[in-house]
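Visitor: Please find one structure pasted underneath; my questions will follow.
The values are calculated or read from the model by the stated rules, or taken from the named source; none is laboratory data. Just so you know, these numbers come straight off a predicted model, no measurement behind them. Using ideal geometry, Cβ is built from the backbone for each residue, glycine included, and neighbour counts are taken over all protein chains shown. Surface accessibility is based on the protein's heavy atoms, side chains included, excluding ligands, DNA and RNA. Shrake-Rupley method; radii C 1.70, N 1.55, O 1.52, S 1.80 Å.
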Amino acid sequence: MKLKVKREELLRPLQLVNGVVERRQTLPILANMLLRAGDGQLTFVGTDLEVEMIASLRLGKMDGGEATVPARKLFDICRALPEGAELSLEVNGEQAVVKSGRSRFRLVTLPVNDFPSLEELEVKRTVRLPERALRALIERTHFAMAQQDVRYYLNGLLLEMGDGTLRAVATDGHRLALSDCEAETGSGERQQVIVPRKGVTEMLRLLGEEDDPVTLELGSNHVRLRVRDVSLTSKLIDGRFPDYERVLPDDGDKQVAVDRELLRSALNRASILSNEKYRGVRFTIGDGVLRAQAHNPEQEEAEEELEVEYSGEGIEIGFNVSYVLEALAAIETEQVSIFLSDPNSSCLIRPNGEESSSRYVVMPMRL
């Protein structure tokens, strides 16, 4: 293999593939990326056996071939070269030599045959939607995924497709985030898949703010996202996601309408003096006023008061302020509505003007 390429052309595919490659690997080959040159195209492949990223780059003249090179080292070399630099890569036997100007680097390669690849994806369903829409859908929900929960099916994002709608749902058992968007979901019954945390993280890194259509290909055990000249394949979590619709509260009899940014700022200030472990804040609502109170074991207290639209009878309820703040951060409308029923029931937070697209559920806590 022998080729010449501009530094800037090489940086993006190297950066994308490096996101998948783990720094600490039990298998040395997994710290490498596979380079494949031929037919005027240079292909980069990285995997950690759960997620696989493939990026391509069109090149002119080059000698074809395959090699595996240390992913992080090649990326760091390329990033450290000056802007506008041209570099050459030549593989001879067990070594790859990178040259640029007066710089020269010799990297050790590993056998191509040792490089693993995910099993072939048999596509059973294809979903198409704008790139910007898929990114927004994930951003509005992924923060509610569990982290290292023994209920492994909560450590991922549920994607549900059918009836021209793609829905994302995430929950850690204490709060839930749900959002919908329009998509070409194909014919057939509703289908659910659970994408693991790393697959979700890499999707977010890959997706931009363009309106170009992207494709999700679903198989029995994998999902593949195709964005222009890059494809990301992730294993799916084999498990049954809980019936989330059962925990979605109805619009409670107590509705609070409030300016999202004012509430967010007030809760951020109150949270400074909340208990660092439990992050509890007490909401007292009545007579057009919402009062947020927090205290900690050092006997320190914070109180914030703001005007809201509320005419029901008074209610006092406690929440983990971090959960409420993350839901508010995911909403883009100026006004939000908070639906409550009683101090022991979860609240429903919805953006005003997007009645059905996003919903956030937060469980109450005793304070």
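Visitor: Out of curiosity, is Val169 farther than 21 Å from Leu248 by Cβ, modelled with pLDDT of 95 or more and assigned to a strand (DSSP E or B)?
Guide: So Val169 does not fit the description; no.
Visitor: While we're here: With the checklist (1) in a loop (DSSP other than H, G, I, E, B); (2) within 25 Å of the chain's Cα centre (by Cα); (3) not acidic (Asp, Glu) in hand, flag the one item Pro249 doesn't pass.
Guide: The one condition Pro249 does not meet is (2).
Visitor: Is it the case that the stretch 291-304 has a residue that's in a strand (DSSP E or B), without any contact (Cβ under 8 Å) to a residue 40 or more places away in the chain and loosely packed, with under 13 Cβ neighbours inside 10 Å?
Guide: yes
Visitor: Out of the stretch 133-152, which residues are in a helix (DSSP H, G or I), more than 13 Å from Glu209 (Cβ to Cβ) and open to solvent by 10 Å² or more (accessible area, probe 1.4 Å)?
Guide: His142, Phe143, Tyr152 - these are the residues of the stretch 133-152 that are in a helix (DSSP H, G or I), more than 13 Å from Glu209 (Cβ to Cβ) and open to solvent by 10 Å² or more (accessible area, probe 1.4 Å).
Visitor: Which residue out of Leu107, Leu118 is in a loop (DSSP other than H, G, I, E, B), more than 30 Å from Gly353 (Cβ to Cβ) and open to solvent by less than 40 Å² (accessible area, probe 1.4 Å)?
Guide: That would be Leu118, the only listed residue that is in a loop (DSSP other than H, G, I, E, B), more than 30 Å from Gly353 (Cβ to Cβ) and open to solvent by less than 40 Å² (accessible area, probe 1.4 Å).
Visitor: Within the stretch 50-88, take every residue that is touching a Leu at 6+ places or on another chain (Cβ under 7 Å) and assigned to a loop (DSSP other than H, G, I, E, B) and give me the one that is nearest to Pro116 (Cα to Cα).
Guide: Selected residue: Leu59.
Visitor: Going by what's in this entry, would Glu313 be described as more than 30 Å from Gly156 (Cα to Cα), in a loop (DSSP other than H, G, I, E, B) and touching a residue at least 12 places away in the same chain (Cβ under 8 Å)?
Guide: yes
Visitor: Quick check on my filter: what residues within the stretch 131-153 are within 10 Å of the chain's Cα centre (by Cα) and among the aromatic types (Phe, Trp, Tyr)?
Guide: The answer is Phe143, and nothing else.
Visitor: Quick one: how many residues across the stretch 208-237 are touching a residue at least 40 places away in the same chain (Cβ under 8 Å), of a type outside the set (A, V, I, L, M, F, W, C), open to solvent by 10 Å² or more (accessible area, probe 1.4 Å) and part of a loop (DSSP other than H, G, I, E, B)?
Guide: Matching residues across the stretch 208-237 total 8.
Visitor: Okay, moving on. Of all the residues that make up the stretch 83-101, how many are free of Cβ contacts under 8 Å to residues at least 60 places away in the same chain and not small (Gly, Ala, Ser)?
Guide: 6
Visitor: Can you tell me which of (1) assigned to a strand (DSSP E or B); (2) surrounded by fewer than 17 Cβ atoms within 10 Å (Cβ to Cβ) is the one Phe319 doesn't meet?
Guide: Just one mismatch for Phe319, condition (2).
Visitor: While we're looking at this one, here's another question. Just for the stretch 30-45: of the residues that are loosely packed, with under 15 Cβ neighbours inside 10 Å and not charged (D, E, K, R), which one is nearest to the chain's Cα centre (by Cα)?
Guide: Gln41
Visitor: Looking at Leu89, Leu16, Leu11, Leu27, which is the one that is open to solvent by less than 20 Å² (accessible area, probe 1.4 Å) and within 33 Å of the chain's Cα centre (by Cα)?
Guide: None of the others qualify; the one that does is Leu16.
Visitor: Do you know which of the residues in the stretch 190-207 that are assigned to a strand (DSSP E or B) and open to solvent by 30 Å² or more (accessible area, probe 1.4 Å) is nearest to Gly19 (Cα to Cα)?
Guide: Step by step, filter the stretch 190-207, then rank; the result is Gln192.
Visitor: Suppose the filter is among the hydroxyl-bearing types (Ser, Thr, Tyr), open to solvent by 10 Å² or more (accessible area, probe 1.4 Å) and assigned to a loop (DSSP other than H, G, I, E, B); does Ser187 pass it?
Guide: yes
Visitor: Let me ask something additional. Within the stretch 139-154, identify whether any single residue is of a type in the set (Phe, Trp, Tyr), touching a residue at least 12 places away in the same chain (Cβ under 8 Å) and closer than 20 Å to Arg240 by Cβ, and answer yes or no.
Guide: Checked against the condition, which is being of a type in the set (Phe, Trp, Tyr), touching a residue at least 12 places away in the same chain (Cβ under 8 Å) and closer than 20 Å to Arg240 by Cβ, the stretch 139-154 yields at least one hit.
Visitor: Gly164 fails exactly one of the following numbered conditions: (1) open to solvent by 50 Å² or more (accessible area, probe 1.4 Å); (2) farther than 27 Å from Asn344 by Cα; (3) not hydroxyl-bearing (Ser, Thr, Tyr). What is the number of that condition?
Guide: (1)
Visitor: Just name the residue that is nearest to Asn344 (Cα to Cα) out of those in the stretch 305-314 that are open to solvent by less than 100 Å² (accessible area, probe 1.4 Å) and modelled with pLDDT of 95 or more.
Guide: Val308
Visitor: What tally of residues in the stretch 322-362 results from selecting those that are open to solvent by less than 60 Å² (accessible area, probe 1.4 Å), of a type outside the set (D, E, K, R) and part of a loop (DSSP other than H, G, I, E, B)?
Guide: Adding up the residues that qualify gives 7.
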